[in-house]
Amino acid sequence: MEVYEKINFFLKDKKISKKEFAQRLIALEPKLKNTNEIPSRNSIYAYLNGRIGMKIELIPYVAEVLDIPEQLLFDDTQRARKKFLKYILETLSSEEKDILKTKICNEKSNKQIPIDRFYKIQDLLIYAPEIFLDKLETLLKEYKELSYKFG
C-alpha cells in the first residue's frame with residue numbers, strides 16, 4: 001500500500017474529510033524545503049489522490065494531523081512494529097520510562113510503586129553476580145504468580 005493510500009485509510013478510519021485534512025495540515029504551516037512555502041490545498045489534494053508524490057518533510061505534519069505515529073504511514077506489519085518497539089525501548093529517556101512504568105504498574109495493580117526505587121535497584125544490578133540475578137529473577141516470578149493468585 002502506498003503512503004497516500006494509507007493516509008486515505010486513516011482519514012476514513014478517523015472520519016476526517018480531505019478538505020478538513022488539508023485545512024488542518026495547512027494550519028500547521030509546514031514549509032517545503034525546496035520552496036520554503038506551505039503546500040497549497042491543490043497540492044495536498046494531489047498528494048491524497050496519488051497524482052504527485054508527497055514530500056518527505058510533510059510526513060511528521062501528516063502524522064500529527066492524523067494523530068498517529070509516523071511509522072504507521074510506511075509499514076505497520078507485526079515485524080515492523082516489533083522492530084520499532086525494540087528501538088523505542090532501547091532509546092527511552094528517563095521521563096519516557098516513568099510514563100511507561102507508571103502505565104504498566106497501574107494496569108497490573110492499584111499499588112503505588114515508587115518509580116525512583118526501580119531506577120536505584122536497576123543501577124545496582126550491574127554489580128550483582130550471575131547466580132544472584134538468577135535467584136532474584138526466580139523469586140520475582142514467584143512473587144508475580146502469587147500476586148496474580150491472591151491479588
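All of the numbers you see were taken from the coordinates with simple rules; none came from a lab. Since this is a predicted model, take the numbers as computed values, not measurements. Here Cβ is always computed from backbone atoms with ideal geometry, including for glycine, and neighbour counts include all displayed protein chains.
The order of 3, 65, going from fewest to most other C-beta atoms within 10 Å of their C-beta, is 3, 65. Counting other Cβ atoms within 10 Å as a rough exposure proxy, the listed residues 44, 126, 68 run 126, 68, 44 from fewest neighbours to most.
Given 12/103; 55/86; 19/83; 14/120; 12/144; 82/141, which pairs have Cα atoms separated by over 32 Å? Listed pairs above 32 Å: 19/83; 14/120; 12/144.
Cβ under 14 Å from residue 38's Cβ, residue 38 left aside: what net charge do those residues give with Lys, Arg +1 and Asp, Glu -1? Charge balance in the 14 Å sphere: +2. Applying the criteria of a DSSP loop state and at most 16 other Cβ atoms within 10 Å to the chymotrypsin sites (Phe, Trp or Tyr not before Pro) of the stretch 21-113 yields 74.
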